[in-house]
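The values are calculated or read from the model by the stated rules, or taken from the named source; none is laboratory data. None of these values were measured; they are calculated from a predicted model. Ideal geometry is used to build each Cβ from the backbone, glycine not excepted, and the neighbour counts take in all protein chains shown. Side chains are part of the model used for accessible areas, which takes the heavy atoms of the whole protein and leaves out ligands, DNA and RNA. Shrake-Rupley method; radii C 1.70, N 1.55, O 1.52, S 1.80 Å.
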Amino acid sequence: MSEQILVVDDEAAVRRILRSVLEDAGYRVVATGTGEEAVRLAEMLGPDLIVLDLGLPEMSGLDVCRAVRSRSQMPILILSLRTAERDKVVALDLGADDYITKPFGIDELLARVRALLRRAKGDPLAPLPLCFGPLTLDCHGRMATLHGERLPLTRTELQILCTLAQHPGRVLTHAMIMHRVWGRATDHELQALRFHITQLRKKIEVNPAQPRLIITEIGIGYRFAEPDQPEPR
C-alpha cells in the first residue's frame with residue numbers, strides 16, 4: 001500500500017494542488033484546513049508524513065507541530081509563505097523535519113517528500129556504520145574512515161559529524177547540534193561549532209570552499225547531504 005500524507009493548509013486552492021500533485025505521484029492524501037483537525041487526524045490515522053502550513057486559523061502550524069511531535073516522530077514538512085530565518089529556526093527546533101517556502105517547485109516538493117519518507121523507514125539511531133561513498137562513519141565505535149583510511153578526527157568533530165550524518169538531508173539548527181554536542185547553546189558554543197565545521201570540511205570535502213556533504217543553511221544550521229548526492233573524494 002502506498003504511503004499516506006496528511007496535507008494541512010487553510011487555502012482550499014493549495015490543498016487541491018497538493019492533493020493532485022501527491023496523488024499523481026502515487027501517494028494517498030488526506031487534507032484539512034484547520035490545526036485542530038490536523039492534530040486529530042494525525043493521531044487517528046498515523047500518516048506517514050505531514051505537509052503543514054504555518055499560517056493556520058486559531059491553532060497555528062507551530063502549535064500543530066508541537067502537539068504532533070509530543071506524541072509521534074512522524075515526519076513533518078513545513079510548507080509556508082514565511083521566509084524569515086527566525087520562523088524556520090523555530091519550526092525546526094519544535095521538531096519539523098524540513099521547510100519549504102511558497103511558491104514552491106513541484107520537483108523540489110516531491111524530492112523532499114521522498115527523502116523524508118525514505119529516512120522514516122530507517123533507524124537513524126541504530127549503531128550501524130553509515131556509508132556515504134568512500135566515507136564510512138562508525139558512530140558506535142567512534143571512528144570514521146575515508147577510502148579505508150582512518151580519519152584523524154577529534155572527539156568533538158566526530159560527535160558533530162555523527163549528529164549530522166545520522167539525519168541525512170534534514171536541516172539541523174545550530175541549537176539542536178549544540179545541545180546534542182555540548183548540552184547548551186550559547187554564543188561560545190556557536191563559535192566553536194563553526195570552527196569545528198570548518199575543520200571537518202577540510203578533512204572530508206573535495207573542496208572545503210564548496211562543500212558537498214556538510215551544507216550550510218544560512219542563519220539556521222546545517223544539512224548533511226543525502227547518500228545519493230555527490231560524495232567526498
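Being over 25 Å from Arg114 (Cβ atoms) and small (Gly, Ala, Ser) is the filter; apply it to region 34-75 and report the residue that is modelled with the lowest pLDDT. Restricting to residues being over 25 Å from Arg114 (Cβ atoms) and small (Gly, Ala, Ser), the top hit is Ser70. Just wondering, is there one or more residues in region 154-172 that are outside any strand (DSSP E or B), closer than 30 Å to Ile5 by Cβ, open to solvent by 50 Å² or more (accessible area, probe 1.4 Å) and touching a strand residue (DSSP E or B) at 6+ places or on another chain (Cβ under 9 Å)? Checking region 154-172: not a single residue is outside any strand (DSSP E or B), closer than 30 Å to Ile5 by Cβ, open to solvent by 50 Å² or more (accessible area, probe 1.4 Å) and touching a strand residue (DSSP E or B) at 6+ places or on another chain (Cβ under 9 Å). Scanning for something in a helix (DSSP H, G or I) and more than 18 Å from the chain's Cα centre (by Cα), does region 27-35 turn up at least one residue? The answer is yes, given that some residue of region 27-35 is in a helix (DSSP H, G or I) and more than 18 Å from the chain's Cα centre (by Cα).
Checking each residue of region 210-219 against the condition of being more than 20 Å from the chain's Cα centre (by Cα), open to solvent by 60 Å² or more (accessible area, probe 1.4 Å) and at pLDDT 90 or above gives at least one match.
Scanning region 114-136 for residues that are modelled with pLDDT of 85 or more and within 21 Å of Gly221 (Cβ to Cβ) yields Leu116, Leu135. Identify the residue in region 46-55 that is in contact with a strand residue (DSSP E or B) (Cβ under 7 Å, 6 or more places away or on another chain) and open to solvent by 20 Å² or more (accessible area, probe 1.4 Å) and, among all such residues, is farthest from Arg82 (Cα to Cα). Of everything passing the filter in region 46-55, Asp48 is farthest from Arg82 (Cα to Cα). Within region 41-69, residues that are at positive phi sit with their Cβ atoms under 9 Å from residues that are assigned to a loop (DSSP other than H, G, I, E, B), at 6+ positions apart or across chains, in these pairs: Gly46/Ser72; Gly46/Met74; Glu58/Thr34. Any residue that is among the hydroxyl-bearing types (Ser, Thr, Tyr) and crowded, with 18+ Cβ neighbours inside 10 Å - is there at least one of those in region 65-79? No, region 65-79 contains no residue that is among the hydroxyl-bearing types (Ser, Thr, Tyr) and crowded, with 18+ Cβ neighbours inside 10 Å.
For region 186-206, the condition holds for no residue, the condition being that it is open to solvent by 20 Å² or more (accessible area, probe 1.4 Å) and touching a residue at least 60 places away in the same chain (Cβ under 8 Å).
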